[in-house]
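To start, the structure itself, in structure tokens.
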């Protein structure tokens, strides 16, 4: 009995005498308040700024005289903007670590910065790759000399492959050929929906979707065999004389 009382008293003394401080300082810097202010500002406008940017770019493309060339210019501008933003993020990281106090942990500060900018870096890469894909697709589908040459060579190669396989002699080939534009539009719409509903699309996700769309375009071109036209029988006439 005495042992239980002594044990209970010792446990009560440990609980009252031992205090746990759950907060500790990782690093100190005079730039923390400025960084927090900038972060809250970006967080406030971050939900609407991308939508506003896309709407302005889409309006400029639709109002342009040469919409396809304007789309290429907008996409290349977006890729250049992501490149500048990535360089600026690297410079900001260097300046942030360079202004730490002497008693701060550089490893802890760099880990916090990298964790904070983790999704921003992935977004920069994804948007940059998507911009390049859009620019390349817009140019390849246009009427430029090299674009027409590449498309004609690809169609010729796919046509030879289709003729050798004997595919497209039924009803599927002519149907796909007749509604090829709508089928390709549906492929692009499905890819856009997948990209839009992806939780955190990375550059690798955008690249894989671009490859999948390119493969789907090749499949549609392979299936879209033109309808065969029956040639009239040759008429042989004999001349009298």
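Points worth noting:
- The alpha carbons of segment 145-227 occupy a box of 43, 30, 23 Å along the principal axes, longest dimension given first.
- FRET E, pair residue 180, residue 94, Förster distance 45 Å, beta-carbon r, rounded to 0.05: 0.30
- Over segment 145-227, relative contact order from alpha-carbon pairs under 8 Å, at least 6 apart, %: 53 percent
- If R0 equals 30 Å, the separation of the Cβ atoms of residue 150 and residue 212 corresponds to a calculated FRET efficiency of about 0.95.
- Added length on full extension, which subtracts the Cα-Cα distance from 0.36 nm per residue, residue 106 to residue 165: 14.9 nm
- Full-extension gain in nm, residue 141 to residue 188, via 0.36 nm per residue minus C-alpha separation: 15.6 nm
- Computed from the C-beta positions of residue 157 and residue 195, the FRET efficiency with R₀ = 35 Å rounds to 0.75.
Taken together, the values in this text are just the output of simple stated rules run on the coordinates, not laboratory data. The model shown is predicted, which means the values in this text are computed figures rather than measured ones. Ideal geometry is used to build each Cβ from the backbone, glycine not excepted, and the neighbour counts take in all protein chains shown.
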